[in-house]
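Let me begin by presenting the structure, written as structure tokens, before commenting on it.
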Amino acid sequence: MEKECCSHKTKERPLQEYKNLIHRLNRIEGQIRGIRGMVEKNAYCTDILIQIAAANAALNAFTKELLADHIKTCVAQDIRNGKDETVDELVATLQKLMK
């Protein structure tokens, strides 16, 4: 049995939030392409590792921003609407993020 990776829920993001997230993802994507190019050009291992660390930091910053937006909007709204199971969902998500 295949495990689903994503929830069936969706979120309409404000335009600025959407643009900020896409901008960060585009930068991360560029960093990953750069790392691939370094491997293809036989760059020195340490140089590649430094770029990987930068890409990881950028991805972590993206995760923090998305998580903060999620808590401030989706989670807060659900709690206001009496959907306490959202807290359990958030806890499960945080546990996955901290593996």
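Derivation of every value follows stated rules applied to the coordinates shown; laboratory data play no part. These numbers were taken from a predicted model, which means no experiment stands behind them. Glycine gets a Cβ as well: all are built from the backbone with ideal geometry, and neighbour counts include every protein chain shown.
The slack in the chain from H23 to C45, taken as 0.36 nm per residue of separation less the alpha-carbon distance, amounts to 5.1 nm. Overall, the chain carries a charge dipole of about 320 debye about its Cα centre when +1 sits on the Cβ of Lys and Arg and -1 on the Cβ of Asp and Glu, all other atoms neutral. All other residues whose Cβ lies under 13 angstrom from that of Y18 are scored, Lys and Arg at +1 and Asp and Glu at -1, for a net of 0. So how tilted is helix 85-97 from the main axis of the chain? Cα-based, degrees 0 to 90, rounded to 10. That works out to roughly 20 degrees. In the chain, helical runs assigned H by DSSP with n ≥ 4 each contribute -39500 (n - 2.57); averaged across all residues and rounded to the nearest 500, the mean residue ellipticity at 222 nm is -24000 deg cm²/dmol.
With each label modelled as a point 7 angstrom along the Cα→C-beta vector, the R36-L15 pair spans 3.2 nm.
Straight-line cross-link partners of K83 among the lysines, defined as a Cα under 18 Å from its Cα and at least 8 positions apart when in the same chain: K9, K11, K72. Relative to the longest principal axis of the Cα atoms of the chain, the long axis of helix 45-70 lies at roughly 10 degrees. Which one, C45, T10, L67, is farthest towards the positive end of the dipole of the range 5-99 when Lys and Arg carry +1 and Asp and Glu -1 on their Cβ? Comparing the listed Cα positions along the dipole, C45 ranks first.
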